[in-house]
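The values are calculated or read from the model by the stated rules, or taken from the named source; none is laboratory data. Predicted model, so just to flag it, every value in this text is computed and none were measured. All Cβ positions, glycine included, derive from the backbone under ideal geometry; neighbour counts span all protein chains shown. When the accessible area is computed, the model is the full protein with side chains, heavy atoms only, and any ligands, DNA or RNA have been set aside. Shrake-Rupley method; radii C 1.70, N 1.55, O 1.52, S 1.80 Å.
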Amino acid sequence: MILDGVKLRPGAPCLEGYGRPVPHVGLHRRGLTHVSSRGVSAGWSSTRGPSPSSWIGQRVVRFERGVTTYAVATSPSFVTQKDLALRNGARVKVTVEQTETNDQIVSIETDVQAGRLLLHWGVEGGKDYKGGWRLPGQRARPEGTVQYKDRALQTPFRLDTNGRSRVVLHLDGEEASDYLNFVLKDDATNTWYDNNGSNFKVPLRADPSASASAAAAASDPLPKELCDKWAWVRWDHSGRPERSDGAAAAEYNKGVAEMRELLARGRTLDELWRVAEGKWKYSDYSKKVIIPALGDTTAPATSNGNNGSNNGSSSSNTTTTPAPAASAAAPIPTIPDDLLGVQAYVLWERAGKPGGADFSQDARRVITEQLQRGASLEDIARGLNYTLKSPSGSPAASAAPSPAASMDAGSGSRSGSGSAAPPPQQRKAPPPPGPPAQVGSPLGTPRRNPLDMIKRPAAGAAGAGVKPAPDLSAERSTRARPLDFLVQRFAVDPATRWRRTYPLGGKAELLAVVRQADEHSPIQLDLITDTASELVLHWGVCPQVSREWVIAPDELHPPGSAVMHKAVETPFHSCSGDSGEAECDVGMAGAQVPLQRLSITLPPDHHLGAVTFVLRSSDSTMWFKDAGGNWVVPLPSTDAPRDDGRSSDAAADELSRAVIEAESSSQWTLMHRFNKAADLLSEVLNGYYEQLDVAAALSRIYVWLRYSATRHLTWQRNYNTQPRILSAAQERLTNAIASAHGRTSGEAQEWVRLMLTTVGRGGDGQKIRDEILHIMHRNHIPERKGLWMEEWHQKLHNNTTPDDVHICEAYLAFLESGGNRGAYWRVLSDAGITRQRLESFDRPITLEPEYYPEKREALLRDFRAYLGILKAVHSGADLSASAGAAGNRIPGGARGYLAYVLSHVGDSQVLPLLEACVEARTELAPALTGCRELLYLDLALEDQARQAAERGVAAAGFGAAAFMRPLLQNLCLSLGNNEEICYCLKAWNELPSSVRSGGRPNKEEALLAVAVVNRIRRALAEISDRVINRLGDVSVAYGRAFGVERWAYEVFAEEVIRGGAAFAVSLVISAIEPSLRNAAALGAWQVISPIAATGVIDVVSGLHEVQEKVYEQPTVLVAEQVTGEEEIPEGVVAVITPDAPDVLSHVSVRARNMRVLFATCHDEAPLEQLKQAKGRWLHFTPSASGAVTWTAAQPPSAAGGAGGEGAGAHGAGAARPTKGLKIEVPVWCGRWVVGMDEYSDGVVGAKSKNLARLRGRLPPSINLPASVTLPFGCFEQILELPENQDIKRRLADRVARIAGRTPASSSSSSSGVVGGLLSGLGSLVGRSSSSSSATQQQQQSPAAPSHAELLAECRQLAMQVQVPRHVREELEGAMRAAGIPPPENEERWSLALQALRGVWASKYNDRAFYSLRKAGLDFDSVRMAVLVQRVVPAQYAFVIHTRNPSNNDEKEVFCELVKGLGESLVSGMVPGSAVAFKALKEPRSGLDSPEVLCYASKSEAMYVRDTLIFRSDSNGEDLEGYAGAGLYDSITMDPSLLSRVDYMEDRVVQDPGFRRHLLSRICHLGADIETALGSAQDIEGVVAPDGAITVVQTRPQV
């Protein structure tokens, strides 16, 4: 509700000292006066004030006692409040109201005491914005607002009458936005108030999913977030008992009443917030405040229940009557070990997870006390959200680790027994390998909608395709820097080629700028600094593609320079505004800043790569370096880059050059690397590397850090780093990574997350150094040379690295084995640490450990604890360390699952462990963004899930299908762009339980499962391709630049994939797919064109890559990718692929027509055999069972020329030009548009004619679309118009150039308008003995455009053709006469004519060109009629071949069906299979029983608005013996859109009756059209949402 001067909101937060809602101050519109909220509330009494509930539904409320009466307006459509804490104890409150007209009123008020407080702000999103950072316009800026650069707005706060500072923002109409970003600044003291180093970010729009919560909050005068948190801490304090819904609601209300009473007794709201957020423990607050004031409000209303003592547990099933005396005297049952372990874990967690603590006795005492009070073991277990195992060792039900996870007592059993593990820090060394892995019983995890897990790009997040919001709080460190003015000036200077700012210490900086006006101008390097010390530049230069320091040529030395050994020394000179140099005129706070400057000028034709330097003070007492190395400034050069085999590719972008330059430093350690990575990460997010998108830049940093983590980069070179300094660098980098995680989304966020796998979290590094000494002293081990421990101590003291974790593990193995040094070396070897590596340390370890039998137990205890210290610093994704570090940040819903995982690591029962890992990750996900500790825990859980899957899949067989759901969910959580995997998970969840549980599916169930598995496999392939495309070249280039061994960079991308969550899913597919295909009677092969063939094997990555190639000998292609729209290259006799194009796609149809073997193989083994046979001759035979076999064969020359087996009928001749074909060239009929009554031979193509012939021959239930056609010759005739003469000439030139590049042969006579210009093109479609010379000619002129380039130019020219007005008018009239609505306006007509030109331009398609060349057809003979129809709304689209193309059986009709438009079926634009089915035409009743051959695996469907479609209808598409279908384009007037779909929830899958009826209708339609037209037909049609079927085109089946 909004008053004219006062805003009243039900559920408004309470201000200090008041237990009732207080109206907030605000403005209904500009110009209205402020009203004091405190002044209004001061007149209310606690008994007379209106309750919040009385406001709801009222339109007018009146208040008296000294306050003017106001009319209350309609409630706003959205209200939210944020109460934010500042670091000095002050708070800032943000209230957002969105009116029904979508205007936004934002009130920011704070109690910060400041001299001049500013709101430093900006917004994200808004009208015409797809998210992204922006600054609102002038009318949305309050009075006094100024713009700070292009980054933010600064608005001064004003004091209201109660002394609080306030800013009110009005974002009306087009200024309404998605998010407000802000920080506060005290301009008088330059003090910044931010959100722990980042912006405060407040949503300005309602979240639809939160409407229920908002409604609940509206009826509660306390903030709902506070009430929720208060209820949680009370529940946690009570031991987290299990409660019914009613009991939970009652306890929730008790908590709210408790807070109200506390407020009424003078406690403050801020105090309650501190308790709710865990800053003040509820147990302490209860003792000190609640119980003295209110009594024990948490005690249950029972006579024998838990009295609220802090024993860590309570029973939820207490009764209100005392237990009988007999029961009280009953003996205490034996406490099961598993229950004891869970209770110990709970107590350990509550105690703050202390290292080495043993809570087993405390746990036994707590459970015993409850048993003595009458609780049963089952009651206690339920209170701990746990299910007891049965006495035999099998649990009565699966454990339910989360309060949200309901249990099914009959969900199965798990064999084996064992107690829950002790707290992680207490756990001993891993036991010997246990029993073999088993699937196990599911946990009974909650059902989730996978689509709710889709990660939508956050508005303004980097990687979301929008400009990220800048880090406003960064201004606190840059705003006051003296060089900031110059940085901004050089940033906008067009001559600036490169710039960087470097810290020099003491807040001083060095600015380096390289400028060059153009490539012919001199290059100037400027170095400017604000340091007070007089500096000297100690410098040299680097050759191209090298970082070697060499002395600079004399001509480059600035005045005053001197040569010192191999360096030039040049003093800086003082500069000021008085010197006339603009770069020196810098002021701060009204005073001139004293700067020092130095310039080096280079000629444009220099041959250098960089300037390298360090700085020293003029008295040589101080030296300044770049992280211990030299600064390197790259220079622009006209020289072509030289390839030294190592770094040329890697240095292609500035970020990569910075990485490589840093790694070449003479002094370099992990500390330097981590600090440099943190700097580069910040620069990437702040837009320094604009030539790279954010995801590409972040992936480069990941590659670099992973090379470091895998020890391929040095960890120490000529420099010692103390542990505390290294850990500080680790902490800085990991905090920077966590911050970047919060600022990115999508793929970029995925690479950020993976960075954490390469570096430990840091921590108390000094403890590493100190504790090793304490251990030695406690155990009286002397610090003297000649001892292994002293050597390790020296190494730890000077330069600890992640190697120390494995050294400690090796020493523990040595102690546990009783001094066996073989155990020591075995652990080191498993970690990749050799004797040579130990000896290579700056403080080498050359000795082997000594064994002290009398000290063994003490050393084991000490070094197990020490291992935890090492892991805390170096091992980021260690599960125990991560769980301990995350602490109270872990959401309540994740804690039970995490407890299960920690207690069952390595368990032989794989499925429950896997589910617990994934469910814990799912509960963590909402709190994950930007939180370092939770990110580490998430990575550790992901790693545990991967290990469990890899352990279980091998032994599970088809039972591994039970792992698919949690593993897909695990992958959803790991990916940045996870939409397709979420749909795959949804589809898998909808499969029958016989598949999901790894049972025995029947044929129908297996067919469904195969379709889902195919979709999952394709999604995994896309993930793999993305990783390889992103990392492959970069990792190779970096590896070469770093001098990494060849094998390491060649397998880098593959190892990343194998170590990711997708790999485990692929293992499950490999395990279950053979059984599924066998159950579905599909086999390993799908033969699309069953032709025997003999040829030589060639392997290609994609068919599209070689479709232009001419093979001179019969060739069998093994192609990794086939989309369906390619042309089969000339000379190819067979195509084998793991891809699965539709049986009726263009390439499938042409393969059958050309008599080329075309088959899909779903088994990796035969595919790998074929790849290994590259270069060998094989003979292929499709079998009657649908498989493909092969035998060795001899080349035709060795077998008697073409007479060898298979060489004649099925060899090269199968792909040679078809003889005797000729296209009759029609003459233009003189009409621009003809209707269906005028469709005839020579005027329009077969598509148009067949539609006309079908009129009156189909059942009334089958519709035919109204149509008009632009006849043959229209395009050629339009080219003759004066306005198109230039296009005609240029088009003829391109065509002639194509003809001049092709083999010469007899040209066919051509006629028509463009005939003379294309007369030479006949040779290009023929084959002759001169083909090799033509190839030589192409090789001799590599600079000449290729066929593809020239054809692309032809298409571009065709798109520029001017269509005269009278042609458009004639088309409009014909459309109206046919009942087709014409375009409504000029804009729509422009789209229509563009689609028409697109069909004409498809005459020059690549696939048409290559197909005509193979068939020996004259290109100029092609004429393009264009069929114009209204697009029929399609729920489904189908294609019918009335003769089964798979086996050429005329008695069978074969069909395919998809959702949406048929273009997704025939074009190859949407990968995956369609719903394929067949039926017998004889007897007729066979059409009533169609057989489904496979279900759809497509991920997307194509849809388009109500529009027109322009279909190609050429004279070259339907020649007898030539498959011209699909060579040319059909184009919709409006672009079609791809939409993600789930076939598993469609009626075609879910409703067998509907499926049979629909498929039967389609089969009957095919038989009817074949009968009506007298020949086998290729038919396309659609099914409307109301079930009506429309035939959109038909043509003779080829």
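Scanning for something open to solvent by 10 Å² or more (accessible area, probe 1.4 Å) and aliphatic (A, V, I, L, M), does region 1441-1458 turn up at least one residue?
No, the conditions are met nowhere in region 1441-1458.
Could you tell me whether any residue of region 1390-1408 is touching a residue at least 12 places away in the same chain (Cβ under 8 Å), surrounded by 14 or more Cβ atoms within 10 Å (Cβ to Cβ) and over 41 Å from the mean Cα position of the chain (by Cα)?
Taking region 1390-1408 and keeping what is touching a residue at least 12 places away in the same chain (Cβ under 8 Å), we get 1391-1408.
Narrowing the set further to residues that are surrounded by 14 or more Cβ atoms within 10 Å (Cβ to Cβ) leaves 1391-1408.
Next, from what is left, pick out any that are over 41 Å from the mean Cα position of the chain (by Cα): none.
Scanning region 1390-1408, I find no residue that is touching a residue at least 12 places away in the same chain (Cβ under 8 Å), surrounded by 14 or more Cβ atoms within 10 Å (Cβ to Cβ) and over 41 Å from the mean Cα position of the chain (by Cα), so the answer is no.
Pick from region 536-570 the residues that are farther than 15 Å from residue 599 by Cα and touching a residue at least 40 places away in the same chain (Cβ under 8 Å): which of them is most open to solvent (accessible area, probe 1.4 Å)?
Here the residue is 547.
Do any helices (runs of 4 or more DSSP H) lying entirely in region 1046-1114 carry at least 3 residues that are within 23 Å of residue 1160 (Cα to Cα), touching an Asp or Glu at 6+ places or on another chain (Cβ under 6 Å) and open to solvent by 30 Å² or more (accessible area, probe 1.4 Å), and which ones are they? Talk me through it step by step, then tell me what you get.
Details: elements: 1046-1050, 1052-1058, 1061-1079.
Ranges flagged: none.
Restricted to region 1406-1434, and to residues that are touching a Ser or Thr at 6+ places or on another chain (Cβ under 9 Å) and among the polar types (S, T, N, Q), which residue is nearest to residue 1276 (Cα to Cα)?
1421
Restricting attention to region 1246-1266, does a residue exist that is among the β-branched types (Val, Ile, Thr) and open to solvent by less than 10 Å² (accessible area, probe 1.4 Å)?
Of the residues in region 1246-1266, the ones among the β-branched types (Val, Ile, Thr) are 1262.
From what is left, the residues that are open to solvent by less than 10 Å² (accessible area, probe 1.4 Å) are none.
Checked region 1246-1266: no residue is among the β-branched types (Val, Ile, Thr) and open to solvent by less than 10 Å² (accessible area, probe 1.4 Å).
Only one of these is at pLDDT 85 or above, within 20 Å of residue 233 (Cα to Cα) and open to solvent by 10 Å² or more (accessible area, probe 1.4 Å): 894, 899. Name it.
On the way: 894 fails: open to solvent by 10 Å² or more (accessible area, probe 1.4 Å).
Checking each option against the conditions leaves just 899.
Between 951, 932, which is surrounded by fewer than 21 Cβ atoms within 10 Å (Cβ to Cβ) and of a type in the set (Lys, Arg)?
Details: 932 fails: surrounded by fewer than 21 Cβ atoms within 10 Å (Cβ to Cβ).
The conditions single out 951.
The rows are residues; the columns are (1) among the polar types (S, T, N, Q); (2) at pLDDT below 80; (3) open to solvent by 50 Å² or more (accessible area, probe 1.4 Å); (4) closer than 30 Å to residue 341 by Cβ.
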| residue | (1), (2), (3), (4) |
| --- | --- |
| 256 | no, no, no, no |
| 259 | no, no, no, no |
| 268 | yes, yes, no, no |
| 277 | no, yes, yes, no |
| 285 | no, no, no, no |
| 293 | no, yes, no, no |
| 298 | yes, yes, no, yes |
| 306 | yes, yes, no, yes |
| 328 | no, yes, yes, yes |
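Looking at residue 708, is it among the small types (Gly, Ala, Ser) and more than 22 Å from residue 769 (Cα to Cα)? Give the steps one after another, and end with the answer.
Values: among the small types (Gly, Ala, Ser): yes; more than 22 Å from residue 769 (Cα to Cα): yes.
When the stated conditions are applied, residue 708 passes them.
Please indicate, with yes or no, whether at least one residue in region 726-744 is crowded, with 24+ Cβ neighbours inside 10 Å, among the β-branched types (Val, Ile, Thr) and part of a helix (DSSP H, G or I).
Yes, because at least one residue in region 726-744 is crowded, with 24+ Cβ neighbours inside 10 Å, among the β-branched types (Val, Ile, Thr) and part of a helix (DSSP H, G or I).
Give the residues of region 1138-1160 that are surrounded by fewer than 23 Cβ atoms within 10 Å (Cβ to Cβ) and within 33 Å of the chain's Cα centre (by Cα), sorted by residue number.
Across region 1138-1160, the qualifying residues are 1138, 1139, 1140, 1160.
Looking at this structure, is residue 963 surrounded by fewer than 23 Cβ atoms within 10 Å (Cβ to Cβ) and part of a helix (DSSP H, G or I)?
no
For every residue, the table says whether it meets (1) polar (S, T, N, Q); (2) touching a Pro at 6+ places or on another chain (Cβ under 8 Å); (3) closer than 21 Å to residue 902 by Cβ; (4) modelled with pLDDT of 90 or more.
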{"site": "932", "(1), (2), (3), (4)": "no, no, yes, yes"}
{"site": "946", "(1), (2), (3), (4)": "no, no, yes, no"}
{"site": "960", "(1), (2), (3), (4)": "no, no, no, yes"}
{"site": "964", "(1), (2), (3), (4)": "no, no, no, yes"}
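Return yes or no: is residue 1026 within 30 Å of residue 966 (Cβ to Cβ), open to solvent by 40 Å² or more (accessible area, probe 1.4 Å), touching a helix residue (DSSP H, G or I) at 6+ places or on another chain (Cβ under 8 Å) and part of a helix (DSSP H, G or I)? Reasoning before the result, please.
Working: within 30 Å of residue 966 (Cβ to Cβ): yes; open to solvent by 40 Å² or more (accessible area, probe 1.4 Å): yes; touching a helix residue (DSSP H, G or I) at 6+ places or on another chain (Cβ under 8 Å): yes; part of a helix (DSSP H, G or I): yes.
So residue 1026 passes the test.
Scan region 973-1000 for residues that are closer than 19 Å to residue 1074 by Cβ, part of a helix (DSSP H, G or I) and not small (Gly, Ala, Ser) and jot them down.
988, 995, 996
Please go through region 148-164 and pick out each residue that is at pLDDT below 85 and touching a strand residue (DSSP E or B) at 6+ places or on another chain (Cβ under 8 Å). Break it down stepwise before answering.
Narrowing region 148-164 to residues at pLDDT below 85: 148-151, 159-164.
Passing the criteria: 148, 151, 159, 160, 164.
Of everything in region 501-521 that's in a strand (DSSP E or B) and without any contact (Cβ under 8 Å) to a residue 40 or more places away in the chain, which residue is nearest to the chain's Cα centre (by Cα)?
Going through region 501-521, the residues in a strand (DSSP E or B) turn out to be 501-505, 508-515.
Those left that are additionally without any contact (Cβ under 8 Å) to a residue 40 or more places away in the chain: 501, 503, 508-509, 511, 513, 515.
Details: 501: 32, 503: 35, 508: 40, 509: 38, 511: 37, 513: 36, 515: 38 Å.
This residue is 501.
Quick grid of which residues meet (1) modelled with pLDDT of 85 or more; (2) loosely packed, with under 12 Cβ neighbours inside 10 Å; (3) under 25 Å from residue 174 (Cα atoms); (4) touching a strand residue (DSSP E or B) at 6+ places or on another chain (Cβ under 7 Å):
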{"position": "57", "(1), (2), (3), (4)": "no, yes, no, no"}
{"position": "66", "(1), (2), (3), (4)": "no, yes, no, no"}
{"position": "112", "(1), (2), (3), (4)": "no, no, no, yes"}
{"position": "119", "(1), (2), (3), (4)": "yes, no, yes, yes"}
{"position": "125", "(1), (2), (3), (4)": "no, no, yes, yes"}
{"position": "133", "(1), (2), (3), (4)": "no, no, yes, yes"}
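Give me a count of the residues in region 827-855 that are small (Gly, Ala, Ser) and in contact (Cβ under 8 Å) with a residue 12 or more places away in the chain. Spell out the reasoning first.
Filtering region 827-855 for residues small (Gly, Ala, Ser) gives 829, 831-832, 840.
Cutting the leftovers down to in contact (Cβ under 8 Å) with a residue 12 or more places away in the chain gives us 831-832.
Of the residues in that region, 2 qualify.
All but one of (1) more than 21 Å from residue 875 (Cα to Cα); (2) in a helix (DSSP H, G or I); (3) in contact with a strand residue (DSSP E or B) (Cβ under 9 Å, 6 or more places away or on another chain) hold for residue 823; which doesn't?
(3)
Filter region 792-829 down to the residues that are open to solvent by less than 40 Å² (accessible area, probe 1.4 Å) and of a type in the set (Asp, Glu) and list them by number.
The answer is 803, 804.
Looking only at region 1421-1436, decide whether some residue is part of a helix (DSSP H, G or I), crowded, with 23+ Cβ neighbours inside 10 Å and at pLDDT below 95. Before the answer, list the steps.
The initial filter retains those residues of region 1421-1436 that are part of a helix (DSSP H, G or I), namely 1421.
Okay, now just the ones that are also crowded, with 23+ Cβ neighbours inside 10 Å, so 1421.
Still in the running and at pLDDT below 95: 1421.
Looking for residues that are part of a helix (DSSP H, G or I), crowded, with 23+ Cβ neighbours inside 10 Å and at pLDDT below 95, one finds at least one in region 1421-1436, hence yes.
Output the residues belonging to region 994-1014 that are open to solvent by less than 10 Å² (accessible area, probe 1.4 Å) and either modelled with pLDDT under 90 or not β-branched (Val, Ile, Thr) (or both).
Selection gives 1006, 1007, 1009, 1011.
So if I check each of 956, 945, which one is part of a helix (DSSP H, G or I), hydrophobic (A, V, I, L, M, F, W, C), open to solvent by less than 20 Å² (accessible area, probe 1.4 Å) and out of contact with any Asp or Glu (no Cβ under 6 Å at 6 or more places or on another chain)? Quick ask: steps written out before the conclusion?
Details: 956 fails: open to solvent by less than 20 Å² (accessible area, probe 1.4 Å).
Among 956, 945, only 945 is part of a helix (DSSP H, G or I), hydrophobic (A, V, I, L, M, F, W, C), open to solvent by less than 20 Å² (accessible area, probe 1.4 Å) and out of contact with any Asp or Glu (no Cβ under 6 Å at 6 or more places or on another chain).
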